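Everything on this sheet refers to the single structure shown next.
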Amino acid sequence: MNRLGLLLPLTILLLIGLFGFRTSPATSLVQPVTEQTITWMSFEEAMEAVKTEKRKVLINIHTEWCGWCKHMDRTTFQDANIVKFINEKFYPVKLNAEQKEDITTPEKVYKYEKREGKERGFHQLAIALTMGRPPTLPSTVFLDENFRVLQPIPGYKEPKTFEMMMTYYGDDHYKRTPWTVYQKTYVPLKELKPTLISE
């Protein structure tokens, strides 16, 4: 091997050692282009927020023990497009279906209700939001800007399906386009790619 062929790999290794691949605990080399998490709030916080700025409300009904709820948190609610759209268009609410604390609205005080002959009960608000039935877990409920229920949707939804549903309500397509038509003509949001950042 000639001298130039030997010096080139050594030079590259030296440069990497001096300048390359530095990271600090507080900084990751890869960051998404948007916030990584949905800014969840309580139902009461959403009622206050809508007084300042009108937005629709998205409610995620869950429990602490629900495996599919946790799976939806790790998958669907981590998707960059979904995070960005929800944070911009909705007041996102996490509602524990077994919450023991009362929730007070202008119309009613909703309480935890033990079910006869059952080990667990449900919060009255969770039942009201799912049209009077105990909620399937997880459930997603879309409300308009005046807290009227647009649609409760039971069960886990993977990111592609959830994206279609959230844009249907978030962008007001439900006002002019039947769901069956929207499904056939839907164009997915442009995929957000991670971007490299420097310290």
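Worth pointing out:
- Condition met for Val83 (under 12 Å from the mean Cα position of the chain (by Cα) and of a type in the set (A, V, I, L, M, F, W, C)): yes
- If only residues of the stretch 119-137 that are outside any helix (DSSP H, G or I) and touching a residue at least 60 places away in the same chain (Cβ under 8 Å) are counted, the one that is nearest to the chain's Cα centre (by Cα) is Leu137.
- Conditions (1) part of a helix (DSSP H, G or I); (2) over 21 Å from the mean Cα position of the chain (by Cα): number failed by Met165: (2)
- Residue match in the stretch 90-100 (condition: more than 26 Å from Tyr174 (Cβ to Cβ), more than 19 Å from the chain's Cα centre (by Cα) and in contact (Cβ under 8 Å) with a residue 24 or more places away in the chain): yes
- Enumeration of residues in the stretch 138-162 that are assigned to a loop (DSSP other than H, G, I, E, B), farther than 13 Å from Met72 by Cβ and not charged (D, E, K, R): Asn146, Phe147
Read-outs: derived from the displayed coordinates by stated rules, not from any lab. What you are looking at is a predicted structure, and each value in this text was computed from that prediction instead of being measured. Glycine also receives a Cβ, built like all others from the backbone with ideal geometry; neighbour counts cover every protein chain displayed.
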